[in-house]
Amino acid sequence: MTARLLVVEDEPDILELLSVSLGHSGFAVLTATSGTAAVQAAQRHRPDLIVLDVMLPDLDGFDVVRRLRSGGDRTPVLYLTARDAVQDRVRGLRLGGDDYVTKPFSLEEVVARIEAVLRRFRDGRAERPARLVFADIELDEDAHEVWRAGEPIPLSPAEFKPPGVDRAALVGWPVAQRLLGFDGHPTTIYERSAGDTVEDVRAVLARTADPRNPEQVTVSRPSDGLAARAFTDLLLGVGAIALLVGGVGVANTMVISVLERRGEIGLRRSLGVTRGQIRLQFLTESLLLSGLGGLAGAAAGAVVTTAYATARDLPPVIPPWALAGGLAATLLIGALAGLYPALRAARLSPTVALTTG
């Protein structure tokens with residue numbers, strides 16, 4: 001089978017030289033002159049190997065490989081570039097390249113390296129073929145893609161690989177009866193539902209499968225992933241309520257503080273302190289109060305999470321952004337809760353404050 005090569009080069013003379021020489025060496029050659037065109041050609045034509053220049057318009061060769069690999073494309077790549085620095089070689093190979101040749105180059109060496117890369121790639125595929133072909137349909141298990149007559153068929157990951165298909169043989173009803181002794185009564189039924197309808201569907205599965213004897217039907221529990229998602233939503237709701245209650249508590253504390261410290265406010269105002277300074281003082285106190293609460297809550301949450309994970313022999317994972325987000329949320333709530341008491345304290349006149357204080 002003739003190997004298909006995609007040659008990506010923006011220099012017309014070099015592109016023509018490579019196309020003609022590789023074609024004479026027995027390869028089918030496709031060409032592209034920019035990084036974007038290279039990505040599109042690789043996705044559309046599925047070449048067996050890509051000969052890739054690095055210094056390209058729009059996307060450079062490194063970005064092309066990064067984009068292909070992030071999309072699940074494992075097509076082998078041979079860099080052919082004038083960038084000969086060691087750091088460029090290391091970077092290109094670590095991004096997912098398979099070989100690196102610098103310009104000026106020998107055509108014989110390029111052909112030999114292409115053949116070597118293809119040989120390694122095919123030997124690896126021979127151990128575990130990831131690309132299956134039947135008639136004009138091609139299925140790539142690594143990239144989770146299906147092609148028909150060279151055109152991609154858009155499928156979601158769930159459509160590409162339904163649960164259990166890789167561990168089961170699907171046969172028709174007559175064949176199952178004739179060859180496998182199937183009596184017409186299935187023993188296991190697999191059902192699939194949207195995540196938000198799982199509990200409702202689970203409640204009626206037994207009666208649906210066997211209306212006369214639903215008690216004889218065993219319904220398995222939903223997946224751990226769905227349970228974890230529901231529990232996460234519950235915890236987020238509880239956390240939101242806790243923030244609301246904490247905000248109300250901070251607001252009440254600051255209002256009472258303003259009422260009890262009217263004498264202090266009046267004295268400071270009579271000594272020349274401005275309304276803005278009074279307002280800033282009480283707002284700072286509100287932020288300090290809520291910040292201390294947020295720090296305590298974040299620390300308690302981290303301790304509980306670590307203890308629970310350790311008890312279950314799980315690695316504790318506490319993202320720093322979660323702790324920072326919790327603290328930021330408490331500071332925001334504290335600022336909102338302390339805004340009204342701070343404004344009220346600033347509006348007190350010195351005379352009234354001293355009289356009522």
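Apply the a/c threshold of 1.5 to the C-alpha gyration tensor of the range 166-216 and tell me whether it is rounded, prolate or oblate.
oblate
Roughly what percent of Cα-Cα pairs across the chain reach past 33 Å?
63
Quote the FRET efficiency, to the nearest 0.05, computed for K103 versus L180 with a Förster distance R0 of 51 Å and r equal to the Cβ-Cβ distance.
The computed FRET efficiency comes out at 0.25.
Treat every Asp and Glu Cβ in the chain as -1 and every Lys and Arg Cβ as +1, leave all other atoms uncharged, and give the resulting dipole magnitude about the Cα centre to the nearest 20 debye.
Roughly 2000 debye for the chain.
Order these by the 10 Å Cβ neighbour count, fewest first: I114, I50.
I114, I50
I need two numbers for the range 239-355: Rg to one decimal and Dmax as a whole number, Cα atoms only, in Å.
Here Rg and the maximum Cα pair distance are 18.7, 65 Å.
Helix 12-24 versus the longest principal axis of the chain: what is the Cα-based angle in degrees, 0 to 90, to the nearest 10?
Relative to the chain, helix 12-24 is tipped by roughly 50 degrees.
Using per-residue counts of other Cβ atoms within 10 Å, averaged over each peptide, order 35-46, 179-190, 203-214 from highest down.
Final packing ranking: 35-46, 203-214, 179-190.
Which residue, chosen from P214, P186, A203, occupies the Cα position most advanced towards the positive end of the dipole of the range 166-216, where the dipole is computed from +1 (Lys, Arg) and -1 (Asp, Glu) charges on Cβ about the Cα centre?
P186
Run lengths n ≥ 4 of DSSP H only: what is the helix-derived mean residue ellipticity at 222 nm for the chain, with -39500 (n - 2.57) per run over all residues, to the nearest 500?
-19000 deg cm²/dmol
Mind ordering 261-267, 68-74 by average Cβ neighbours within 10 Å, highest first?
Packing proxy ranking, top to bottom: 261-267, 68-74.
Given points 7 Å out from each Cα along the Cα-Cβ axis, report the I256 to E11 separation in nanometres with one decimal.
Once both label points are built, they end up 8.0 nm from each other.
Considering the convex hull of the alpha carbon atoms of the range 4-128, report its projected area averaged over all viewing directions, in nm², one decimal.
Spelled out: convex hull of the Cα atoms, projected over all directions, averaged, 7.2 nm².
Since every read-out is calculated from the coordinates, none of them should be taken as a lab result. Given the structure is predicted, the values throughout are model-derived calculations rather than measurements. Because the Cβ atoms are built from the backbone with ideal geometry, glycine has one as well, and the counts that use them run over all protein chains shown.
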